[in-house]
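Okay, so here's the structure we're looking at.
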Amino acid sequence: MKRYDLIVVGAGPSGLSAAIAAAGKGLKTVVFDENERPGGQLFKQIHKFFGSKEHKAKIRGFVIGQELLEEADQAGVEVVLNATVIGLYQDKEIVVRTGETVHHYKANAIIIATGASENMVTFDGWTLPGVIGAGAAQTMMNLHGVRPGKRVLMLGSGNVGLVVSFQLLQCGCEVAALVDAAPKIGGYGVHAAKVARTGVPFYLSHTIVKAEGTDHVTGVTIAEVDAHFQFIPGTEKHFDVDTICVAVGLSPMSQLLKMAGCQMEDNPKKGGQVPVCDEHGATSVPGIFVAGDVSGIEEASSAMIEGRMAGIRASEYLGYMQQEEEKSSLDQLDHALDGLRQGMFAPANRGRNITETEEGIPISENLLTHGFVAEDEIERFPGVTRSIGVHPVMECTQNIPCNPCQDACARHCIRIGEKITSLPAVNPENTCIGCGLCVASCSGQAIFLVNEQSEEGYATVTLPYEFLPLPEKGEKGVALGRDGQEVCSAQVVEVRTSPTFDKTNLLTMKVPAAFAMKARFYRKKAQ
Amino acid sequence: MESRIMEHPILGEIKKGRKVSFYFDGKKLEGYEGEPIAAALKAEGVMVHRYTSRKHLPRGIFCAIGRCTDCVMVVDGRPNIRTCVTPLKEGMKVQTQYGVSAASFKEQEEKGNEKI
């Protein structure tokens, strides 16, 4: 039986981070993962991450994954793939299945970073080929380059449902509708808004009645539900789709911890059955630590910080680190993690009905029910102002921990301040030069450059554009409003791409001046 | 192969292995070496991977990460192979799985009757 100082189960963002931290302190560390490739779900995340610099904000998930793998390599972490840990026994002995064989390993400390699995809901026809998990869609399109379907209905408006809907659009699928039984959108408003402005309709308080088809999905019927989630007769709506994507949350995969005798709890705020652990991942069993989604559903940025915490705790536990050093390292990580756990979507706020922003501004109800901020709501937010000449318009209306736009602007036109969750505000004293770095830096694609009077009777609107084919300069088309409906005709006057923009292209369109604060997306005229 | 994403706005060109041929229920199809069998089948428009043993209901890709076992098929004669996590190889024989066999339910029934 092979022995290690530390065995980490799971080579996702938290497991790799844990192994890097521990190996850096000299622990002989191995990571087992059941998958063919390391990185967990990071390599399917093609959007820019939120947060601040210390959280790797505005870097796309798969790039963070590549960096993590390089770091693990340099730290001398051994990663064993295609290796499923099937048991965690007394005295930290684990059983690993590789192919047709089973091997035993032993360590002095264990970190469980097994992540989460997708939840499912059942409805008539839910087992038909063509009904897939949102994770499956991401795997197919972002890892294997195969479209999950031609026309897709998304069930679930949490961040996964919203982000995957956008990714489906990016790879050339049509999204027929985004549906959620809840009365309000669960994910970030900015994620919803970037989907809504392309014309995808949102159906809140709706769910699936039936997936249609005999051998595979050929359509779907949804209907409205009442406050008790019962269907309201007569509200049925039919869509011709070949794929139904289900994004209804995640559950921690905590079975190994239960098996090891760790004290467990059912905690709905953490997504289900989780180990009881302290803020740095120590479970009730000395020497067994946890990190990432297995100890409570959050996201990859916090998982990476939790991983480092667990790695440090394990190092101290095994005597590879002094307590003072442990404390100062953990203090830093506490601060970083605390930054991510702020704002309207913080774990502490789950289930709470928030009606005002931290600034005391009534939140956009339309954003929560239809996916976009209504015209009569948008101008009450501090990022949305009118002025002469080109200026940034930040349609960022919910307090989320994110601030790259503030750093992106060299002219300091954008102000968030010390508190990372504050809404970005326009600094009227400074002059925008129209560089567009803020537009590209916004992970929520919520920043536009507007020149309300670029020439007599016309305005220009610059928007983030991450689709193919890229429109050409001079091309004529239509401008869409925040709701994805046509508002006026538009002409593309500039398309900017740059390595600094990291694949977020800046499309500038000319629209009649009256539509400067209405036009938010561009579509080529159908031939 | 219209479900293949040739160029992606963020990922650019998707890197693939060598083009290989394989057999799905005897029919020659093409895919890329090393990609999951399920991805190759999906790209070729195959939706049904198996039929359940009791109710004979169709199943296809569901989780795509080897967890749900909905996508299992008979691969090179072995049943219950998770096609979403099994890399495609040149000349592989992939068959629709009926219950736990590549023989249709009718054939299985006839065989069963013979035994009796």
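Computed from the coordinates by the stated procedures, all read-outs in this text should not be read as laboratory data. Keep in mind the model is a prediction, meaning the values are calculated, not measured. Every residue, glycine as well, gets a Cβ built from its backbone with ideal geometry; the counts of neighbours run over all protein chains shown.
Evaluate peptide A:170-181: per residue, the Cβ atoms of other protein chains within 10 Å of its Cβ; return the mean as an integer. If you can, show how the numbers build up before the last one.
Numbers: counts 5, 8, 7, 2, 0, 0, 0, 0, 0, 0, 0, 0.
Per residue, the average neighbour count from other chains is 2.
State, to one decimal in nm², a quarter of the convex hull surface area for the C-alpha atoms of region B:7-114, i.e. the direction-averaged projected area. Please report the intermediate quantities before stating the final value.
Details: hull surface 30.2 nm².
Taking the Cα atoms of region B:7-114, their convex hull projects to 7.5 nm² on average.
Where does chain A land on Rg/Rh, using Cα atoms and the Kirkwood Rh?
Working: Rg = 24.1 Å, Rh = 24.3 Å.
With Rh from the inverse mean 1/r over Cα pairs, Rg/Rh is 0.99.
Volume per residue, Å³, of the convex hull around the alpha-carbon atoms of region A:22-83?
Numbers: hull volume 5.1 nm³, N = 62.
So the per-residue hull volume is 83 Å³.
Which ³J(HN,Hα) values, rounded to whole Hz and listed in residue order, are derived for region A:408-417 from phi using the Karplus coefficients 6.51, -1.76 and 1.60 in 6.51 cos²θ - 1.76 cosθ + 1.60 with θ = phi - 60°, glycine and proline given as x?
5, 7, 5, 8, 6, 7, 10, 10, 10, x
What does the structure give for B:64-75 when I average, per residue, the other chain Cβ atoms found within 10 Å of the residue Cβ? List each step's numbers first, then the result.
Values: counts 12, 12, 4, 7, 6, 0, 5, 2, 0, 0, 0, 0.
Counting other chains' Cβ atoms within 10 Å and averaging over B:64-75 gives 4.
If amide hydrogens are placed 1.01 Å from N in the peptide plane, which non-local residues have theirs closer than 5 Å to the one on A:Gly87?
A:Val95
Pull up the DSSP beta bridges for chain B and report the antiparallel fraction as a percent, rounded to 5. Present the calculation step by step, with values, prior to reporting the outcome.
Values: 17 of 21 bridges.
Of those bridges, close to 80 percent are antiparallel.
Cα atoms only: what Rg and Dmax, in Å, come out for region A:260-319?
Reported Rg and Dmax, both Å: 11.2, 36.
Hey, what do the phi angles of region B:4-11 turn into as Karplus ³J(HN,Hα) couplings, whole Hz, using 6.51/-1.76/1.60 and θ = phi - 60°, x for Gly and Pro?
Couplings: 6, 8, 7, 9, 10, x, 10, 8 Hz.
Grab the beta carbon distance between B:Lys89 and A:Met120, set R0 = 56 Å, and tell me the FRET efficiency rounded to 0.05. Walk me through the intermediate numbers first.
Details: r = 31 Å, r/R0 = 0.56.
Between B:Lys89 and A:Met120 the formula returns 0.95.
Rule-of-thumb check for region A:175-260: C-alpha Rg over 2.2 N^0.38 Å?
On the way: Rg = 15.9 Å, N = 86, 2.2 N^0.38 = 12.0 Å.
Rounded to two decimals, the normalised Rg is 1.33.
Local charge sum around A:Ser254 (other residues, Cβ-Cβ under 13 Å, Lys/Arg +1, Asp/Glu -1)? Each step should come with its number before you reach the end.
Details: positive: A:Lys258, A:Lys270; negative: A:Glu265, A:Asp266, A:Asp293.
Taking every other residue near A:Ser254 into account, the sum is -1.
Report P(r) for region A:314-361: all Cα-Cα distances, bin width 5 Å, range 0 to the bin holding the largest distance, values in whole percent.
Spelled out bin by bin, region A:314-361 gives 5, 18, 15, 14, 12, 10, 9, 7, 6, 3, 0 percent.
Would you pull out the residues with amide H under 5 Å of A:Val241's amide H, same chain only if 5 or more places away, H placed 1.01 Å from N?
Close amide H contacts, sequence-distant or interchain: A:Gly219, A:Val220.
Taking the Cα centre of each part, how many Å lie between region A:415-445 and region B:1-67?
What the calculation gives is 43 Å, centre to centre.
If you stretched the chain out fully between A:Met1 and A:Gln230, how much longer would it get, using 0.36 nm times the residue separation minus the C-alpha to C-alpha distance?
Numbers: separation 229, 0.36 × 229 = 82.44 nm, distance 5.58 nm.
Extending this stretch completely gives an extra 76.9 nm.
How large is ³J(HN,Hα) for each residue in region A:369-386, as worked out from phi by the Karplus curve 6.51 cos²θ - 1.76 cosθ + 1.60 (θ = phi - 60°), to whole Hz, x for Gly and Pro?
Result, ordered by residue: 10, 10, x, 8, 7, 6, 4, 7, 9, 4, 7, 8, 9, x, x, 10, 9, 10 Hz.
Take peptide B:8-19, look around each residue's Cβ out to 10 angstrom, count Cβ atoms belonging to other protein chains, and average those counts.
Details: counts 11, 14, 15, 10, 1, 1, 7, 1, 2, 0, 0, 0.
That average works out to 5.
Counting Lys and Arg as +1 and Asp and Glu as -1, each charge on the Cβ, what is the dipole of chain A about the Cα centre in debye, to the nearest 20?
Working: 47 positive and 61 negative charges, 173 e Å.
The calculation lands at about 840 debye.
With a 10 Å radius around each residue's Cβ, average the other Cβ atoms per peptide and rank B:26-35, A:339-348, highest first.
Ranking, from highest mean packing down: A:339-348, B:26-35.
Set Lys and Arg Cβ to +1 and Asp and Glu Cβ to -1, take the dipole of the protein assembly as shown about its Cα centre, and tell me which of A:Ala516, B:Val46, A:Leu143 lies farthest positive.
The Cα lying farthest towards the positive end belongs to B:Val46.
What net charge do the residues around B:Val72 carry, taking every other residue with its C-beta under 11 Å from that of B:Val72, with Lys and Arg at +1 and Asp and Glu at -1? Let's see the in-between values first.
Working: positive: B:Arg50, B:Arg59, B:Arg78, B:Arg82; negative: B:Asp70.
That works out to +3.
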